[in-house]
Every structure is written in C-alpha cells, then in structure tokens.
There are 2 protein chains.
Amino acid sequence: MQNFAVDWADIEAAAQRIQPWVFCTSVTELNEFPGNSALSVRVKCENQQRGFAFKARGACNAVMKLDPEQAARGVVTHSSGNHAAALAWAAQQRGIAAHIVMPQNSAGIKLNAVRRLGVEPILCGPRGEDRALAAQRVQEQTGAVFIHPFDHPDVIAGQGTVAVEILRQAPDLDTLIVPVGGGGLLAGTLLAVQSMRPDVKVYAAEPQLADDAYRSFRSGHIEPVLRTDSIADGLRTSVGDLTFPIIQRYVEDILCVSEQCIQESVTTVARAARLIAEPSGVVSLAALQEHAHIFAGRRVVAILSGGNLDRMDLLPAELQWV
Amino acid sequence: MQNFAVDWADIEAAAQRIQPWVFCTSVTELNEFPGNSALSVRVKCENQQRGFAFKARGACNAVMKLDPEQAARGVVTHSSGNHAAALAWAAQQRGIAAHIVMPQNSAGIKLNAVRRLGVEPILCGPRGEDRALAAQRVQEQTGAVFIHPFDHPDVIAGQGTVAVEILRQAPDLDTLIVPVGGGGLLAGTLLAVQSMRPDVKVYAAEPQLADDAYRSFRSGHIEPVLRTDSIADGLRTSVGDLTFPIIQRYVEDILCVSEQCIQESVTTVARAARLIAEPSGVVSLAALQEHAHIFAGRRVVAILSGGNLDRMDLLPAELQWV
C-alpha cells in the first residue's frame with residue numbers, strides 16, 4: 001500500500017480502541033427493492049449507531065487516542081452536523097472539555113443535540129471562513145486539540161471500522177456503496193477493503209447538486225463545491241487533502257444521484273426495511289436505484305450512514321405490508 | 001421435556017426447513033432507553049422479517065412441510081392480520097393455492113397485502129364464528145389443508161426459530177420478553193429456550209385490555225378475551241389449546257401493559273433505534289418500561305414482533321439526535 005495519512009494498522013487499532021463505546025451495527029437485508037436487479041441488497045445500519053451516525057466512530061477514535069496531556073487541554077471542532085454532536089459525546093465519554101463551533105443559523109435540533117451533551121455551542125457566522133476562524137480562536141485561547149470532521153488521520157481510521165465490521169458480517173458481498181461528503185468514511189472504507197478484501201468493489205455515491213468528488217475524481221485535483229442546496233446536508237463539503245489521494249487511488253467510481261431519488265430513498269428504506277434514515281444517509285441506496293445496471297447480479301452492501309432525519313414528512317404516509 | 005404438541009426436534013427441523021425463505025433478522029442495541037435500568041436492551045427485529053412480521057416463519061414451516069399430495073390441495077386459513085399475508089406469501093413461494101378468509105371489515109391495507117400476493121381474499125362476517133364457518137366451507141369444497149394462525153404444531157415450531165437465532169446472536173442475554181396473543185410465538189420461544197438455555201427467563205407481554213393470557217395463567221384454564229379494542233390488534237385473541245399448556249409450564253410471568261405505554265413505545269423505538277414497529281410488536285418494550293424493577297441489571301432482548309404500522313401518526317414529530 002502506497003503511503004497515505006492512514007494505514008491498515010491504524011484502522012485495526014481504531015477498531016480495538018473504540019469497541020467499548022460504539023455499537024457493532026447490524027447488516028440488514030431489504031425486502032424487495034423497487035426496480036433493482038442486484039442479487040441481494042443489504043444495508044449497514046449506521047443510522048442506529050451512537051448519536052445515530054457513523055461520525056461517533058471517528059470522533060471516538062480521535063478522542064480516546066489523545067495522550068493525557070493533550071486530553072487535559074480538551075478538543076475543538078467546527079461543524080453544523082453529526083460530527084459536532086459526535087465529538088461532544090466522545091469528549092463526554094472521556095470526561096474532557098469539548099468546544100464546538102457552530103454557525104448561528106444551524107438547525108435548532110442540531111444545536112440542542114450538542115446542548116443535551118452538556119456543551120454550549122460557540123456560535124459563529126454562516127460562512128466557512130467564519131467557522132475556521134472561530135475554531136482557531138478557541139484553539140489559541142484554550143490550547144484544545146483540533147479534530148477536523150474528516151481530514152484527520154484518526155477520524156479516517158475510525159470511520160474505516162465500519163468496513164471492518166461489514167466484511168465480517170457479510171463475507172459473501174462483492175460490492176460496497178458508500179456516501180461521500182468530505183470523504184472520511186469513503187477513505188477509511190477504501191483502506192480497510194484494500195487490506196482485507198481487495199476483490200470487493202467500492203463505489204461512492206454523491207448528490208448531483210454537490211458533485212465535487214465526482215468532478216475531482218475526473219479532473220485529478222480537488223474541486224470546490226459549487227452549490228450548497230442539496231437535501232443531503234451532510235454531503236455538501238468538498239473532499240480533503242488527506243482523503244482525496246486515497247479516494248483517487250482506490251475508488252471504483254463515483255456515482256451522482258438526483259435530489260428526487262434521494263428523497264424517494266428515505267421513503268424506500270422505511271418501506272423495505274422499516275428503518276428511519278436521513279437524506280445524506282441514503283444516497284448509497286439512491287445510487288443503487290439510479291445506476292441499477294452497474295449492480296445487476298451483484299451482492300451489494302450499502303452503507304446507511306445516518307439516521308438524523310429532520311424531515312419526517314419524507315416518511316411514507318402509509319406502509320405496504322408486502 | 002413433558003409431552004407437548006411440539007418438541008425441540010420440530011423446532012430444529014423448522015429452522016433448517018425455512019432458512020432459504022426467511023431472514024435471520026438483526027439483534028440491535030438501543031441507544032438510551034428512557035427510565036430503564038436494565039444493563040443492556042436489545043431488540044430482535046422481526047419487524048424487518050419477510051412480510052414485516054415473525055408470522056412468515058410459522059406459515060412457511062407449515063407450507064413447506066406439506067407432502068406433495070397435501071400441497072396439491074392448497075392451504076386455507078382465516079385471519080385479518082399478519083398471518084393472512086404470511087400464508088399467502090408462503091403458498092406463493094411453494095407455488096400452491098392459498099384460500100384466505102378475512103372479515104369484510106378488515107383494514108384496506110391488510111386486504112391489499114393479500115391481493116398483492118395474487119390471492120383474492122374470501123370475505124366473511126365480522127364475528128369469530130363467521131370466520132371459522134367460512135374457512136370450514138372452503139376446506140370442504142377444496143380439500144385445502146387448514147393452517148391455524150397459532151394453534152398448529154408446525155406454526156409453533158416455526159415461530160420457535162426466532163429464539164434459536166436470538167440465543168446464537170446474543171449469547172450473553174439472561175432475559176427475553178415476548179408479546180403474547182394466541183401464544184404461537186411465545187410457546188415456540190419457551191420450547192426453544194427450555195432446550196437450549198433453560199437459565200434464560202422468558203416473560204410474556206400483553207395489553208391490559210386483552211389480558212386473557214394473564215388471567216389464564218393465574219386461573220389455570222383458558223380464559224376468553226373480554227374486549228377487542230386494544231390498539232395492539234394482533235394480540236386480541238385468546239391463547240390456544242396447544243399453546244396454553246406450554247406457556248403455563250415454562251413462562252416466568254405474564255406482564256400487562258397500558259394502551260398509553262404501547263403507543264409511547266412505538267415512538268420510543270423510532271427514537272432509540274430508528275425502527276418502525278407496530279403496536280402489537282412493541283408490547284415487549286412497553287413491559288420493559290412499565291415493569292422496569294423486574295429488569296434492573298439484566299441483559300434483555302425484547303422481540304419486536306411486527307412492523308406493519310398503520311398509524312404513522314404514532315411516530316415522533318421530531319427525532320432527537322442524542
């Protein structure tokens with residue numbers, strides 16, 4: 001394996017380190033999946049993870065790996081999403097301070113999640129540079145360790161433990177589909193699969209409206225996100241300096257999906273597996289549907305990466321029984 | 001083991017027989033469960049089973065066990081619930097005829113489930129004796145084999161396979177909670193646990209408004225259901241001649257739960273595990289909440305027996321993230 005920010009030993013160590021704190025989530029088979037010709041479709045239920053997203057893994061690995069001197073200084077991050085609550089939670093488990101910078105226009109449900117963990121979010125302006133600046137200021141004032149939401153070796157290694165579990169739980173799979181935002185989950189998955197089962201093909205799924213990873217993969221350098229209006233709010237970031245080289249090297253392809261198919265996939269997974277997942281969490285299933293020809297006859301596991309649905313109206317009005 | 005209608009060998013054989021058709025459903029850990037003092041709470045996700053209820057197991061075992069001569073005559077049952085669709089599905093899998101007698105006032109969603117499986121329900125009057133008579137008439141006309149929803153050895157053996165899986169998936173458990181209606185799932189569970197892990201305590205959960213099993217267990221003979229208005233519509237039947245002796249011999253206790261707690265448990269399991277379950281399916285979790293003192297410090301698995309929720313308004317209006 002080429003030299004990346006993270007290697008297989010880091011992922012193995014992360015799996016050991018976080019095991020007392022996170023769930024080994026289920027791999028669940030779907031009842032019939034409309035218009036699908038894959039041989040079997042299973043989902044890895046990270047929507048049932050602690051905090052209801054895979055983010056608990058990376059945050060926990062980063063926090064538990066701190067040496068005592070670092071830990072005493074606490075941790076800091078900026079995020080308006082699942083990583084904010086995940087880091088606050090991981091810090092609480094270790095009993096250290098967490099400073100969470102969040103845009104003042106974050107959804108109330110997200111601010112409250114952090115507050116319920118005993119951390120008062122530090123509010124900042126809505127732009128990316130506002131966030132980074134506010135986090136830097138906290139870091140300078142407190143000496144806290146900055147834990148980036150995805151472009152951090154310990155975060156990538158932590159997210160890679162999802163794939164370690166999948167390969168044990170579904171040894172017959174031949175294809176994995178993974179949502180990509182900043183690329184932490186995707187990069188971790190690619191490294192784990194490359195070490196354990198290089199024959200398994202890994203596809204990334206991304207909203208058309210936030211197709212930076214798709215464009216970056218094709219152009220060979222990191223492209224910016226051009227729009228921030230995809231319903232998959234967790235996937236609106238561009239890939240990182242650490243995650244992109246791993247993605248570029250190992251991903252089979254990056255598949256873009258429409259907003260409509262993302263919304264429908266929230267409904268579909270409720271119907272087909274009685275599971276509640278968020279739009280960012282179901283883009284993998286949306287890719288399975290919109291790019292069905294790629295997956296014909298394959299044994300697919302799609303990562304359902306999060307369950308923090310704040311649009312309950314996307315659930316079906318009525319469930320069918322068969 | 002005393003002589004019952006079903007023994008351990010029947011359950012083992014059922015597990016083998018139905019394995020190609022049904023899912024080995026997940027055992028999933030819950031995020032914090034309000035007001036609960038059990039050491040760990042996991043749910044067995046039969047709400048994700050084929051047809052979204054454990055009924056697929058018993059129906060499948062009964063249908064696949066028919067000899068060719070019996071199979072050629074087809075099967076018949078009466079049911080307004082999950083067993084109706086389950087038997088139609090199992091018959092479809094084997095390619096034989098199914099005659100499903102349903103009360104004319106059954107919910108549209110339940111009638112449609114059977115229709116979607118290619119079977120036109122035979123409508124009858126709403127009373128219990130109407131159903132039995134209609135089913136008997138079909139049986140006389142067609143020679144079809146009658147498969148009772150719960151009081152049938154092959155159905156009980158099939159339902160027992162849920163526990164076989166649980167004991168393998170969660171070997172550290174010490175307590176199981178099982179919904180009881182007619183008692184097929186409960187009796188099968190008790191026989192499997194008695195053979196595999198007699199140290200595990202099995203509790204049954206029942207709506208207060210349909211407390212016939214509770215009263216029967218105390219009086220020593222089968223008591224009738226007095227009301228049919230519990231929201232847990234799958235549990236409104238009294239226990240059967242085959243299921244009751246097994247329940248009486250092995251169940252630890254039968255715990256009654258309020259209608260309000262059943263409704264709240266639908267909300268709770270959506271919040272705590274992002275799972276959609278029906279009222280009859282969550283009485284096990286309701287018992288865990290309303291009888292918390294019994295389960296303090298225990299390692300509990302609660303069977304989530306079905307996911308055919310037709311009251312989507314019971315889902316929470318908003319999900320909390322932690």
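Remarks
- Residues of the stretch A:256-286 satisfying the condition of being more than 14 Å from chain B (Cβ to nearest Cβ) and within 16 Å of the chain's Cα centre (by Cα): A:262, A:283, A:284, A:285, A:286
- All conditions but one from (1) closer than 13 Å to residue B:179 by Cβ; (2) assigned to a strand (DSSP E or B) apply to residue B:300; the one that does not is (1).
- Test: residue in the stretch B:210-229 that is hydroxyl-bearing (Ser, Thr, Tyr), within 14 Å of chain A (Cβ to nearest Cβ) and farther than 17 Å from residue B:188 by Cα: no
- Taken over the stretch A:146-160, the criterion of being of a type in the set (D, E, K, R) and surrounded by fewer than 21 Cβ atoms within 10 Å (Cβ to Cβ) is satisfied by A:151 alone.
- Condition met for residue A:163 (buried (at least 21 other Cβ atoms within 10 Å of the Cβ), under 30 Å from residue B:26 (Cβ atoms), at pLDDT below 95 and of a type in the set (Gly, Ala, Ser)): no
For (1) at pLDDT 95 or above; (2) closer than 19 Å to residue B:59 by Cα, each residue gets a yes or a no:
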site	(1), (2)
B:192	yes, yes
B:228	no, no
B:237	no, yes
B:247	yes, no
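- Residue check, residue A:179 outside the structural domain of residue A:111 (by TED's automatic domain parsing), closer than 28 Å to residue A:25 by Cβ, of a type outside the set (Ser, Thr, Tyr) and over 20 Å from the mean Cα position of the chain (by Cα): no
- Members of the stretch A:166-204 that are of a type in the set (D, E, K, R) and touching a helix residue (DSSP H, G or I) at 6+ places or on another chain (Cβ under 6 Å): A:197
- Test for residue A:25: is it touching a residue at least 40 places away in the same chain (Cβ under 8 Å), under 27 Å from residue A:236 (Cβ atoms), assigned by TED's automatic domain parsing to the domain that holds residue A:274 and outside any helix (DSSP H, G or I): yes
- When residue B:145 is tested against the conditions (1) in contact with a Gly (Cβ under 8 Å, 6 or more places away or on another chain); (2) under 22 Å from residue B:45 (Cβ atoms), the lone failure is (2).
- Residue under evaluation residue A:62, criteria (1) at the interface with chain B (Cβ under 10 Å from one of its Cβ atoms); (2) in a helix (DSSP H, G or I); (3) in contact (Cβ under 8 Å) with a residue 60 or more places away in the chain, criterion not met: (1)
- The stretch B:37-48: number of residues that are within 18 Å of residue A:272 (Cα to Cα) and either at the interface with chain A (Cβ under 9 Å from one of its Cβ atoms) or at pLDDT below 95 (or both): 3
- One residue from A:20, A:34 being free of Cβ contacts under 8 Å to residues at least 24 places away in the same chain and either more than 10 Å from every other protein chain (Cβ to nearest Cβ) or over 16 Å from residue A:179 (Cβ atoms) (or both): A:20
- Taken together, the residues in the stretch A:67-86 that are touching a Lys or Arg at 6+ places or on another chain (Cβ under 8 Å) and not hydroxyl-bearing (Ser, Thr, Tyr) amount to 8.
- Residues (of a type in the set (S, T, N, Q), over 30 Å from residue B:19 (Cα atoms) and surrounded by 24 or more Cβ atoms within 10 Å (Cβ to Cβ)) located in the stretch A:26-70: A:61
- Filter result for residue B:318 (crowded, with 24+ Cβ neighbours inside 10 Å, among the acidic types (Asp, Glu) and within 14 Å of chain A (Cβ to nearest Cβ)): no
- Taking the stretch A:288-314 as the range and being crowded, with 18+ Cβ neighbours inside 10 Å and within 13 Å of chain B (Cβ to nearest Cβ) as the test, the residues that pass are A:304, A:305, A:306, A:307, A:308, A:309, A:314.
- So residue B:16, is it assigned by TED's automatic domain parsing to the domain that holds residue B:285 and surrounded by fewer than 18 Cβ atoms within 10 Å (Cβ to Cβ): yes
- Residues being free of Cβ contacts under 8 Å to residues at least 12 places away in the same chain and among the aliphatic types (A, V, I, L, M) - total across the stretch A:268-321: 2
- Residue within the stretch B:135-145 that is basic (Lys, Arg) and surrounded by fewer than 24 Cβ atoms within 10 Å (Cβ to Cβ) present: yes
- Positions within the stretch B:178-210 being assigned to a strand (DSSP E or B) and crowded, with 24+ Cβ neighbours inside 10 Å, in sequence order: B:178, B:179, B:204, B:205, B:206, B:207
- Every condition in (1) in a helix (DSSP H, G or I); (2) surrounded by 21 or more Cβ atoms within 10 Å (Cβ to Cβ) holds for residue B:218 except the one numbered (2).
- Residues within the stretch A:1-22 that are outside any helix (DSSP H, G or I) and β-branched (Val, Ile, Thr), tallied: 2
- Flag for residue B:76 being farther than 20 Å from residue B:272 by Cβ, aliphatic (A, V, I, L, M) and surrounded by 18 or more Cβ atoms within 10 Å (Cβ to Cβ): yes
- Checked against the criterion of being within 20 Å of the chain's Cα centre (by Cα), of a type in the set (Gly, Ala, Ser) and more than 23 Å from residue A:256 (Cβ to Cβ), the candidates A:187, A:210, A:192 yield just one match: A:192.
- Residue check for residue A:265: in a helix (DSSP H, G or I), closer than 25 Å to residue A:165 by Cβ and free of Cβ contacts under 8 Å to residues at least 40 places away in the same chain: yes
- Qualifying residue in the stretch B:235-257 (condition: small (Gly, Ala, Ser), within 30 Å of residue A:275 (Cβ to Cβ) and either outside any helix (DSSP H, G or I) or out of contact with any Phe, Trp or Tyr (no Cβ under 7 Å at 6 or more places or on another chain) (or both)): no
The values are calculated or read from the model by the stated rules, or taken from the named source; none is laboratory data. Just so it is clear, the model here is predicted, and its values are computed rather than measured. Glycine gets a Cβ as well: all are built from the backbone with ideal geometry, and neighbour counts include every protein chain shown.
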